[in-house]
Structure formats: C-alpha cells, structure tokens
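Single-structure report; data block below.
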Amino acid sequence: MNYIKLWFRSIAQVMFQGNAWCGLFFLAGIFWGAYNSGTPAVAWGAVVGTTVSIITGYLLGYPRDEATQGLWGFNGVLVGCGLMTFLGSTPLGWLAVIICSAMTTWVRTGLNRLGAPLGVTSFTFPFVMSTWIFLAAARALGGLDVMALSHPMLPASGVHLLSAHGDALPSLLEFCEWTLRGVSQVFLIDSWITGVLFLIGLLIACPAAALWAVIGSAGGAALALLFGAPTEAIAHGMYGFSPVLTAIALGAAFYRRTLWRTIIWALVGVVGTVFVQASMNVLLSPVGLPSLTAPFCIATWLFMLPTIKSNQQTN
Amino acid sequence: MNYIKLWFRSIAQVMFQGNAWCGLFFLAGIFWGAYNSGTPAVAWGAVVGTTVSIITGYLLGYPRDEATQGLWGFNGVLVGCGLMTFLGSTPLGWLAVIICSAMTTWVRTGLNRLGAPLGVTSFTFPFVMSTWIFLAAARALGGLDVMALSHPMLPASGVHLLSAHGDALPSLLEFCEWTLRGVSQVFLIDSWITGVLFLIGLLIACPAAALWAVIGSAGGAALALLFGAPTEAIAHGMYGFSPVLTAIALGAAFYRRTLWRTIIWALVGVVGTVFVQASMNVLLSPVGLPSLTAPFCIATWLFMLPTIKSNQQTN
Amino acid sequence: MNYIKLWFRSIAQVMFQGNAWCGLFFLAGIFWGAYNSGTPAVAWGAVVGTTVSIITGYLLGYPRDEATQGLWGFNGVLVGCGLMTFLGSTPLGWLAVIICSAMTTWVRTGLNRLGAPLGVTSFTFPFVMSTWIFLAAARALGGLDVMALSHPMLPASGVHLLSAHGDALPSLLEFCEWTLRGVSQVFLIDSWITGVLFLIGLLIACPAAALWAVIGSAGGAALALLFGAPTEAIAHGMYGFSPVLTAIALGAAFYRRTLWRTIIWALVGVVGTVFVQASMNVLLSPVGLPSLTAPFCIATWLFMLPTIKSNQQTN
C-alpha cells in the first residue's frame with residue numbers, strides 16, 4: 001500500500017506535492033493527453049520512468065524518508081514523458097528510458113549535495129540534464145530515432161519574427177485554453193483537458209498551488225504576447241509550463257515570507273522565467289534540443305539564491 | 001547628497017573605484033561617446049540602469065553599506081549601455097532595460113553567495129548573465145528589435161582569417177588610439193576621447209588603476225596583433241576592454257602580494273584574458289551574442305581562485 | 001633523479017598512476033604513435049607540455065608533495081598532445097602550448113579548490129578547459145593554424161546516421177584492435193600498438209587499472225555499436241578513451257566499496273560515459289571543438305558526487 005502511495009506521490013512531486021491523489025490525477029491527465037494525441041508511448045514512458053527511478057533508489061540504498069515523500073521518482077516521470085515525446089518507441093528507445101531514468105536518481109542526489117550549502121535543491125534539473133544528454137546523444141547514435149526532435153538551426157535574426165507581433169490577440173476563451181495547455185506542458189502534454197486534470201490534482205493537494213499554477217501559466221502567456229513571442233508557441237503552452245513551476249515554487253512551496261512579499265516575488269519570478277524561456281529557445285536552437293524545464297530551474301535558482309542567506313543573517 | 005554620491009560611485013565601481021568624481025568622468029565619457037556616435041539611448045540607458053538597480057536594492061532591503069560603496073548599481077549601468085547598444089530604443093526595449101537592470105541587483109547577491117566560500121565575488125557577471133538572457137530572448141520576441149546584434153553564424157574555419165595576419169602594423173599614434181578605444185569599450189563605447197575621460201576618472205580615484213587600464217588595453221591589443229586577430233576588431237578596442245578590467249582587478253584591486261608578484265600575475269592575467277576573449281568570440285558566434293565582459297570575469301576567476309586559499313594556508 | 005621520476009610520474013598520472021616506469025611506457029607509446037602517423041610534433045608537445053607545467057608549479061611555489069606524486073604535470077602532457085594534434089606546429093603554435101600548459105597548473109589548483117568541499121578533484125578538466133579556450137581562440141586568431149580541427153557544423157538530424165547502423169559487425173580481431181585504439185586515444189593517439197604500450201605501463205603500476213582500461217574501452221565500443229554510433233568513429237577508438245578513464249577512476253582509483261559494488265558502479269559508469277560522449281560530440285559540433293576528455297570528467301563527477309557524502313554520513 002505504501003509503495004503505491006509513494007509511487008503516485010512521485011508523480012505529484014513534479015509540482016512539489018507529496019500527495020498520492022494529486023499524482024493519480026496527474027497520471028490520468030498524462031494518459032488522456034498521450035492517447036488523445038496518438039502517442040501512448042509518452043504515458044507508458046511516465047509509468048516506466050517513475051518505476052525505474054524509484055527502484056534505483058532502493059538498489060542504491062538511499063535514505064527511505066525521501067522515498068516516502070516521492071522524491072526519488074519525480075525526475076523519472078519526466079524522463080519517460082520527455083524521451084518518449086522526442087525519440088521513437090523502439091527497443092533501444094525504451095532501453096534509453098530505463099538507463100536515463102535510473103540515472104536521475106543518483107544525479108539528483110549528487111546535485112542536491114552541490115546545492116545543500118547554498119540552501120537550494122536541484123528541482124527538476126536531474127531530469128533536464130539526463131534527458132539533454134540522451135537527446136543530444138541520439139543525434140550521434142543511429143539506433144535512436146530523433147525524427148520528433150526539431151532540426152538544429154541557427155537562431156533567426158529577428159526579421160521574420162516581427163510579423164508574429166502583428167497577429168490578432170486571442171479571445172478570452174482562447175486565452176483560457178492556452179493557459180490550460182501551459183499547465184499540461186509541465187509533463188510535455190499539449191491538451192487543455194489534461195490541464196484541467198492537473199489543476200484538480202493540485203486543488204486536492206494544495207489550493208494555493210493550483211492558483212499559482214494558473215497565475216504562472218496565464219502570466220507567462222500574457223507577457224510572451226506583450227513581447228511578441230510567436231503566437232503558435234504561446235498557444236501550445238510553450239511559454240506557460242516553466243512559469244507554472246516557478247510560480248508554485250516561489251508562491252506556495254519553497255519561499256516563505258510575509259504574504260505580500262511572497263506574492264510580489266512569485267510574480268516577478270514569473271516575469272523572469274519568461275525571458276529565460278525565450279533565451280533558452282534561442283540558445284538551444286543550433287543543437288536542436290528542447291529547453292525542457294531548464295528555464296524554471298534557472299529562474300528559480302536566480303530568485304531563491306539571494307533570499308536564503310539574507311534570511312539566515314536576519315535571524 | 002549621499003544619494004548623488006552613491007549614484008556616481010556605482011558607475012565608478014565598474015572599474016572597482018568607490019569614487020564619485022571618477023563616476024562623473026565615466027558618465028561624461030559615456031555621454032560624449034553615445035551622442036558622438038548617434039546613439040544617445042546608450043547614455044540614457046546607463047542613467048536608467050544605474051537608477052533602477054539602486055532602487056531595487058532599497059526595495060529588497062539589502063544591507064546599506066554595499067549601497068554606500070556603489071555596489072548595487074554598477075551592473076545596472078552596464079545593462080543600460082549593453083541593451084541600448086544592441087536593442088532598438090522602443091518602449092518594450094526600455095521595459096527590458098528596467099526589468100534587466102533590476103534583476104542584476106538580486107542576481108549579484110545570489111552569485112556573490114555562490115562565490116563567498118571561495119573568496120571571489122561575481123564581478124560584472126550579473127550584468128553579463130542578465131544581458132545575455134535578454135539579448136538571446138530578443139531573438140525569439142518579435143517586440144524587441146535585434147537589428148544591431150550580429151547575425152548568428154557558424155565560426156569560420158580559419159582560412160579567410162589568415163589574410164588578416166598580413167595587414168600592416170599600426171603606427172604608434174594609431175596604436176595609442178586603439179588602446180584608448182579599448183578602455184572606452186568597457187562601457188561599450190567606441191571613442192578614444194571617451195577613453196581619455198575614463199582614464200582621467202581613474203587617475204582621480206587611483207593612479208595605479210589608470211596605469212593598469214592602459215597596460216591592459218595596450219597589452220591586449222599587442223598580443224591580439226601578434227596572434228593575428230582581425231585588425232578591424234583590435235582597432236575598435238574589442239581585444240582591450242576585458243584585459244583592462246583584468247589588469248585593474250589583479251594589479252590594483254583584489255590581488256595583493258609583493259610588488260613584483262602582483263605585476264607579473266596581472267601581466268599573465270592580461271595574456272590569459274586575450275585568449276579567453278578570442279575563444280568566446282568564436283563560441284558565441286552560432287547564437288549571435290556579444291561576449292560582453294565575460295572574458296574578464298572568467299579569466300579573473302581562473303587567476304584569483306588558485307591564489308586565495310594558498311594565502312589562507314600560508315597565514 | 002627525483003626530478004626525472006616526478007616528470008615521468010606526471011605522464012602516468014593521466015591514468016591516475018604515480019609510477020615513473022608506467023610514465024616511461026606511456027611516453028614510448030606516444031612517441032611511437034606520433035611518429036608512426038607522421039605527426040612527431042604531438043610527441044614533442046607532450047614533452048614540452050609536461051616540462052612547462054611542472055616548472056610553473058615550482059615558480060608559483062605550490063606544495064611540493066603534489067609535485068612528487070606527478071600531479072603538476074599530467075594536464076600539461078595532454079595539452080601538448082591536444083594542441084599539437086589540432087594546431088599547426090608553428091612558432092605561435094608552440095607559444096600557445098607553453099602558455100596553455102603553464103595555465104593548467106594554476107587552473108588545476110583553482111578547480112580543485114572548487115571541488116574540495118564536495119570531495120571531488122578536477123581530474124583532467126584543467127586540460128580540457130584550457131585546451132578548449134586555445135582551440136576556440138585559434139579560429140579567431142589568424143596566426144594559429146586550425147586546419148586539423150573539424151569544421152563547425154550544425155548536428156545532423158539523424159537521417160544519414162541511420163545507415164551507419166546497418167554496417168557489418170567487426171570480427172573479434174578487429175574489435176580487439178578497436179579496443180586498443182580506444183586506450184591509445186586517451187593521449188589522442190590512434191594506434192593499437194600504442195594501446196599495447198599503455199597497457200604494459202598500467203600493468204607495471206597497477207594490474208587492476210590495466211584490466212579496467214580494457215573493460216572500459218571494450219565496453220564503450222560495444223555499447224556504441226549496439227546504439228549505432230558511426231562505425232568509423234568506434235574503430236578509431238573515439239568511444240573508448242573516456243570510458244577507459246571512467247573505468248579506472250571508478251574501478252581502481254577513487255571509488256572504494258565492496259568488490260561487487262565497485263564493479264557494478266564502474267560498469268554503470270562506462271555506460272553513462274558513452275552517452276555523455278555521444279552527446280558532447282553533438283553539442284560541440286556547431287563550434288567545431290573536440291570533446292577531449294570532458295565526457296570522462298562529467299560522467300565521473302556525476303557518478304562520484306552522489307557517493308561521497310553518503311559515505312561520510314554512514315561513518
């Protein structure tokens with residue numbers, strides 16, 4: 001029974017919730033989105049990734065309290081979704097999922113030790129790092145099919161992008177859909193229904209987190225619209241998923257201050273994340289890699305690091 | 001009165017001087033250079049960037065002694081110069097200046113905490129990091145005009161560069177002009193008169209720093225000539241500005257040893273900075289970003305890190 | 001006499017052996033391979049690099065016990081081999097070897113201070129970092145000849161690579177040759193005879209290290225074959241040299257656990273290194289830099305970091 005709980009908690013921990021019911025709704029959202037878009041391997045990748053990364057923690061004998069909170073598996077879920085989104089569902093592709101999600105468990109332990117003296121954790125960066133390694137490697141390894149990865153290309157010089165700025169604004173209904181897609185993209189799913197399922201999961205675990213997820217996704221999309229990001233990308237939630245995580249992290253998880261300070265800092269964090277997201281889209285273009293949740297990790301570190309010690313010094 | 005002093009000191013701190021008169025001459029140099037080259041927005045960017053980053057420090061309640069020394073604002077000055085050099089002077093461009101220069105204040109606090117156990121500070125890297133984020137983002141955001149950024153391209157294979165090596169050597173007068181331009185490029189200004197104004201500012205604050213600025217810029221240009229860097233780039237001070245900062249940092253600011261040891265280490269630091277500069281020009285080419293003062297930061301960290309603990313161990 | 005010993009030990013330390021006879025066999029292997037392939041400058045680069053980096057340690061007054069173990073010079077050997085493999089053997093090329101190998105001595109001291117609180121050392125990363133700086137810089141500096149560096153290009157989209165997967169498997173004899181070439185590529189030499197000489201050196205110093213070198217090189221090649229890496233690259237040992245170093249580091253040098261734990265961890269480390277190697281080949285493609293031994297450093301850090309503190313916590 002405990003094993004089932006911690007398994008579902010692992011999925012919920014992607015959005016910082018140690019709640020099995022939340023994880024169940026997340027998994028439902030993943031399955032709906034994956035089957036709906038004709039890529040069921042993404043959902044099964046999540047199942048395999050979670051399982052492998054948790055088993056790895058037991059095999060390595062890591063402290064069990066982390067397992068109980070679901071902290072061994074949340075990077076593995078994302079590895080499964082990520083690799084099965086971009087690589088072909090071949091035997092070698094599945095072997096890559098197994099190796100890569102196992103790897104996140106000790107990479108997380110290692111990176112957390114790097115961050116410990118600074119008071120930050122590695123967030124989803126073990127997933128980002130391991131998945132980048134395997135996706136980049138896949139371009140050199142003929143046995144892995146990279147057809148779903150975008151082609152490496154030099155970043156545009158801004159000329160043709162200007163036209164995007166002239167697009168009509170979305171209607172309120174469209175904007176709500178974009179916001180929900182932003183929430184669903186946290187697990188690389190592009191479906192507003194999945195977004196609703198994710199929000200229900202969050203509501204069960206922590207209503208404030210659900211609120212911040214909406215604020216993060218809507219705020220990210222709005223700011224991206226204001227600065228003229230390609231409408232296509234905004235509509236599919238590509239400017240929403242990292243701000244969702246930053247908003248929950250700063251607004252309802254790690255950063256604890258007076259109410260107003262917390263609110264302002266989380267909002268500024270959303271703004272910062274959008275620019276980090278846009279910059280990473282450009283910087284990764286020549287190697288044809290997706291940014292994954294790196295913009296969230298980088299922005300949140302930049303917003304957490306200055307706050308930690310000033311707190312300790314005050315006390 | 002104090003506010004005016006710390007405002008000007010912030011500008012002087014770009015070259016490690018807590019001296020308001022020095023900052024005044026720096027600002028004069030920026031205004032001369034910006035207006036002279038028909039880009040007044042660069043000068044006003046410096047004013048806005050300094051002001052915003054200082055106000056941010058007050059709003060975040062950071063320790064005031066750092067403000068008095070001018071340490072809140074020096075990254076903001078550079079953000080203003082940097083973004084207004086490469087982005088169009090549009091309303092969204094100015095909004096980017098405000099967000100980005102505010103960001104440097106807490107990014108600096110965060111990065112300094114990273115460096116504290118190692119005994120190094122973040123130098124101008126908060127400016128570099130924040131400005132890179134916004135310049136890269138600008139290529140994905142149609143609302144920001146990136147016409148002044150160089151086009152992303154694969155680095156040359158060295159063939160056509162060989163011709164540059166055959167160019168005639170500059171006359172002594174030309175070389176002096178190049179050296180002064182190298183000093184002015186610290187604030188992204190390309191003007192020998194600005195270089196003179198900067199040197200006057202340094203002379204007021206610390207004559208040794210002025211001397212090291214000249215040695216750094218001249219040494220950088222000479223070494224770049226010897227190794228056949230493109231003459232065009234050397235003539236506009238592009239191989240001078242980072243060595244200027246390295247030379248002042250190692251020769252007259254942070255590294256304190258016997259006179260000869262200090263002199264030799266600063267000179268070797270200038271040599272190292274030139275190669276880091278050349279390498280960053282190449283590495284950043286596919287994403288079309290300028291190196292900003294990153295070569296100075298990286299080289300100076302590489303030259304400071306090994307010296308710090310050996311000092312502590314000796315004592 | 002001591003100086004001769006520490007000089008040869010420096011060469012042996014590339015594979016973590018403080019044994020002068022081992023270093024002698026390594027040097028013999030380098031000379032054989034370099035002269036045999038018509039690039040004698042690579043061998044003399046090794047001699048110059050070792051010498052310069054050791055002298056630098058004396059000039060900087062670094063603690064002598066590190067010198068006795070041969071720890072000042074091992075990055076310098078590799079700089080000499082690396083720069084003379086990729087740059088032309090011109091006066092400026094040799095000046096670059098001298099500056100770059102001197103630099104590794106203090107960069108190593110600095111990076112080791114970064115790693116000390118985490119319980120890891122910088123391995124061969126001072127060589128990697130310094131050599132990357134000079135190789136990248138060489139593309140901007142017409143005085144350095146970069147003809148032997150591969151052209152910068154966008155990574156392939158995987159299409160034409162698939163054909164490589166269809167190649168016939170090597171015979172056992174061919175595979176043994178590939179394995180030996182993988183060992184020789186640690187010093188950027190492509191010769192199975194050099195591989196034999198290196199293994200003899202390791203056998204003298206530490207038979208377990210020789211065994212792990214073979215396992216690492218063979219394992220790396222086999223896994224690269226399984227995942228369809230280009231046969232040409234595998235045949236020349238390009239998927240072997242980093243796993244060789246990882247296997248020795250985890251199997252017979254730094255990581256000490258029960259026999260079976262050590263064996264399993266080193267084998268998993270070899271697997272991880274192959275994917276890091278493949279990914280770095282792709283990531284460095286737009287700037288046209290070789291991965292050098294970076295895949296070994298990165299993979300070994302990822303595998304060492306999680307183990308260190310858990311050890312301290314147990315005790």
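Computed values, structure above
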item: For the protein assembly as shown, average projected area of the Cα convex hull in nm²; result: 37.2
item: Residues A:HIS151, A:HIS236, sorted so that the one with the fewest Cβ neighbours within 10 Å comes first; result: A:HIS151, A:HIS236
item: Value of Rg to Rh for segment C:2-140 (Rh from inverse mean 1/r over Cα pairs, i.e. Kirkwood); result: 0.96
item: Where rotation carries A onto B, the chain A residue whose Cβ is nearest that axis, in whole Å; result: A:PRO286, 3
item: Fraction of alpha-carbon pairs over 18 Å apart in segment A:161-314 - percent; result: 56
item: Fluctuation leader among A:ALA208, A:ALA140, A:ALA247 - chain A, Gaussian network, Cα springs under 10 angstrom; result: A:ALA140
item: Gain on full stretching of the segment that runs from B:ILE55 to B:ILE4 - 0.36 nm per residue minus C-alpha separation; result: 17.1 nm
item: Rounded to whole Hz, the Karplus (6.51, -1.76, 1.60) HN-Hα couplings of segment B:207-212, x for glycine and proline; result: x, 4, 5, 4, 4, 5
item: Total charge dipole magnitude, the protein assembly as shown, about the Cα centre, Cβ charges on Lys, Arg, Asp, Glu only, Debye to nearest 20; result: 2540
item: Lys, Arg +1 and Asp, Glu -1 on Cβ, resulting dipole of segment A:161-314 about Cα centre, debye, nearest 20; result: 700
item: Value of Rg/Rh across segment A:53-123 [Cα atoms, Kirkwood radius]; result: 1.03
item: Test item: B:102-114 mean partner chain Cβ contacts at 10 Å; result: 5
item: Segment B:2-140 - percent relative contact order, Cα under 8 Å, separation 6 or more; result: 23
item: Other-copy label distances relative to C:GLU66, 7 angstrom Cα-Cβ extension, nm; result: 3.1, 3.1
item: Inter-copy separations for C:LEU114, label at 7 Å along Cα-Cβ, nm, ascending; result: 1.0, 1.0
item: For chain C, convex hull volume per residue from C-alpha positions, Å³; result: 134
item: Top of C:MET304, C:MET147, C:MET129 by mean-square fluctuation, Gaussian network on chain C, Cα under 10 Å; result: C:MET147
item: Cut-off under 5 Å, modelled amide H: who pairs with B:ARG257 long-range; result: B:THR262
item: Using θ = phi - 60° and Karplus 6.51 cos²θ - 1.76 cosθ + 1.60, couplings along segment C:83-94 (whole Hz; Gly, Pro as x); result: 5, 6, 6, 9, 10, x, 7, 9, x, 5, x, 5
item: Taking A:VAL79, C:VAL270 and counting other C-beta atoms within 10 Å, the order from fewest to most; result: C:VAL270, A:VAL79
item: Among A:SER37, A:SER89, A:SER101: highest mean-square fluctuation, GNM of chain A, C-alpha pairs under 10 Å; result: A:SER37
item: Gyration tensor verdict on segment C:108-240 (Cα atoms; rounded if a/c is under 1.5, prolate if a/b is larger than b/c, oblate otherwise); result: oblate
item: Chain A, relative contact order in percent, only Cα pairs under 8 angstrom and at least six apart counted; result: 18
item: Burial ordering of B:TRP260, C:TRP94, C:TRP72, fewest other beta-carbon atoms within 10 Å first; result: B:TRP260, C:TRP94, C:TRP72
item: Unit charges at the beta carbon, dipole of chain C: most positive-side option, C:GLY288, C:LEU78, C:THR105; result: C:THR105
item: Net dipole in debye of chain C [+1 Lys, Arg Cβ; -1 Asp, Glu Cβ; about Cα centre; nearest 20]; result: 880
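Read-outs: derived from the displayed coordinates by stated rules, not from any lab. What you see is a predicted model, and the numbers here were worked out from it, not measured in a lab. Please note: Cβ atoms are built from the backbone with ideal geometry, for glycine as well, and neighbour counts cover all protein chains shown.
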